[in-house]
1. Based on the Kirkwood radius over alpha-carbon pairs, what is the Stokes-Einstein translational diffusion coefficient of the range 37-172 at 4 °C with 1.567 mPa s viscosity, in µm²/s?
2. Show me 75-81, 159-165 ranked by packing, highest mean number of other Cβ atoms within 10 Å first.
3. Report Rg(Cα)/(2.2 N^0.38 Å) for the range 116-160, keeping two decimals.
4. Using R₀ = 30 Å, calculate the FRET efficiency as 1/(1 + (r/R₀)^6) where r is the Cβ-Cβ separation of residue 115 and residue 51; round to 0.05.
5. Starting from the Kirkwood radius over alpha-carbon pairs of the range 72-121, derive D by Stokes-Einstein at 25 °C in a medium of 0.890 mPa s and give it in µm² s⁻¹.
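Just so it is clear, none of the values below were taken in a lab; they were calculated from the coordinates. For clarity, every value in this text was computed on a predicted model and none was experimentally measured. Methodologically, a virtual Cβ is constructed for each residue, glycine included, from the backbone with ideal geometry; neighbour enumeration extends over all protein chains shown.
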């Protein structure tokens, strides 16, 4: 069964749900050409992946990971392919049981290495807000411009991505917004998860 938000997305356009007028998606100017059926499939996969992440079911998540490329984790919108961590499906299954600190990239504004266990990384740079409940979801686009360079299409050529965006609060003048982009690359005619890209306001 197609998730209700997938249906809303498909029939009402790139922006689903309602919210502040300034929260309008910025569509990728050169997205890959996909059919209507392909968009449905990618959106369905995105919600399946998000549920697995939300529930920390890594065995379920592993089945969506690209069999040859694995899945890359980026803490910010600027994907640093040289420093980002990439895990193959078999590694994803037991990822959260690994207590070793790993370097995932550099902290925005400071440049310090991000060294966290996989469990702490997931809490900080993957599912740090309830992304699956948001009504701001877009296909091959994003909601906020930041100081980070949005290089997702260069880092993942011939791929499609879904952004789950959570607007910021009035208390912090919207600067505490978060987003999670799930990148899908085809393998033998099926979209597989190739990237999990976190984004937020950066100094």
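1. The calculation lands on 81 µm²/s.
2. Values: 75-81: 21.0, 159-165: 24.3.
Descending mean neighbour count gives 159-165, 75-81.
3. Values: Rg = 13.2 Å, N = 45, 2.2 N^0.38 = 9.3 Å.
The value comes to 1.41.
4. Efficiency for this residue pair is about 0.55.
5. My calculation gives 215 µm²/s for D.
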